[in-house]
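Enquirer: Dropping the structure in here first, questions after.
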Amino acid sequence: MTFYETVFVARQELSAAQVETLAATMTDILATGQGEVTKTEFCGLRTLAYSIKKNRKGHYVLFNIQAPSAAVKEMERQMRLNEDILRFLTIKVDTLDPEPSALMQTKQNRDRRYEGLGGHEEYRPYEGGRE
């Protein structure tokens with residue numbers, strides 16, 4: 001079977017539960033085509049670079065997929081028909097990455113940025129090479 005990564009953006013008016021239901025629907029479509037989703041990441045509600053269909057924000061979801069191309073084509077067809085999905089992108093990859101995606105890594109790094117300070121040291125931002 002072939003490996004794919006798919007990212008889709010859902011409308012901002014949807015709740016988190018509705019986005020999870022939408023992702024489960026797409027997973028079921030792949031399962032009917034003898035495919036499987038090995039990883040699902042809900043990246044949350046994020047600001048879009050430009051408005052799409054009058055939406056300024058969108059719920060991002062990432063799938064790692066192991067499926068035949070016919071199953072992926074059917075999933076993409078269903079995504080085109082679904083009004084709740086603003087955009088999607090599917091790419092073919094050589095191997096599936098089990099690590100968190102770049103979107104999730106930046107979110108985790110942002111949360112850990114101040115852990116090492118422990119309240120004792122003062123945070124000093126980089127000052128551009130001044131000594």
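Enquirer: Mind telling me which of the residues Thr32, Thr6, Thr38 ends up being open to solvent by 30 Å² or more (accessible area, probe 1.4 Å) and within 24 Å of Pro100 (Cβ to Cβ)?
Expert: Only one candidate passes the filter, namely Thr38.
Enquirer: Could you list all residues from segment 84-105 that are more than 21 Å from Ala31 (Cβ to Cβ), assigned to a loop (DSSP other than H, G, I, E, B) and in contact (Cβ under 8 Å) with a residue 24 or more places away in the chain?
Expert: Within segment 84-105, Asp94, Thr95, Asp97, Pro100, Ser101 meet the criteria.
Enquirer: Here is a follow-up. Residue check: is Ala49 of a type in the set (Gly, Ala, Ser), free of Cβ contacts under 8 Å to residues at least 12 places away in the same chain and open to solvent by 70 Å² or more (accessible area, probe 1.4 Å)?
Expert: On the way: of a type in the set (Gly, Ala, Ser): yes; free of Cβ contacts under 8 Å to residues at least 12 places away in the same chain: yes; open to solvent by 70 Å² or more (accessible area, probe 1.4 Å): yes.
Yes, satisfied.
Enquirer: Then there's this: How many residues are within 20 Å of Met104 (Cα to Cα) and of a type in the set (D, E, K, R) if we restrict to segment 42-64?
Expert: Residues meeting the conditions: 2.
Enquirer: Mind counting the residues in segment 80-104 that are closer than 20 Å to Leu22 by Cα and over 15 Å from the mean Cα position of the chain (by Cα)?
Expert: Within segment 80-104, residues that are closer than 20 Å to Leu22 by Cα and over 15 Å from the mean Cα position of the chain (by Cα) number 5.
This table checks each residue for (1) open to solvent by 50 Å² or more (accessible area, probe 1.4 Å); (2) within 24 Å of Ser15 (Cα to Cα); (3) hydrophobic (A, V, I, L, M, F, W, C).
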site: Leu62; (1), (2), (3): no, yes, yes
site: Ala67; (1), (2), (3): no, no, yes
site: Ala71; (1), (2), (3): no, no, yes
site: Glu74; (1), (2), (3): yes, no, no
site: Arg77; (1), (2), (3): yes, yes, no
site: Ile91; (1), (2), (3): yes, no, yes
site: Pro100; (1), (2), (3): no, yes, no
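The values are calculated or read from the model by the stated rules, or taken from the named source; none is laboratory data. Everything numeric in this text was worked out from a predicted model, so none of it was measured. Positions of Cβ are backbone-derived with ideal geometry, glycine not excepted, and every protein chain shown enters the neighbour counts. Heavy atoms of the whole protein, side chains included, go into the accessibility calculation; ligands, DNA and RNA do not. Shrake-Rupley method; radii C 1.70, N 1.55, O 1.52, S 1.80 Å.
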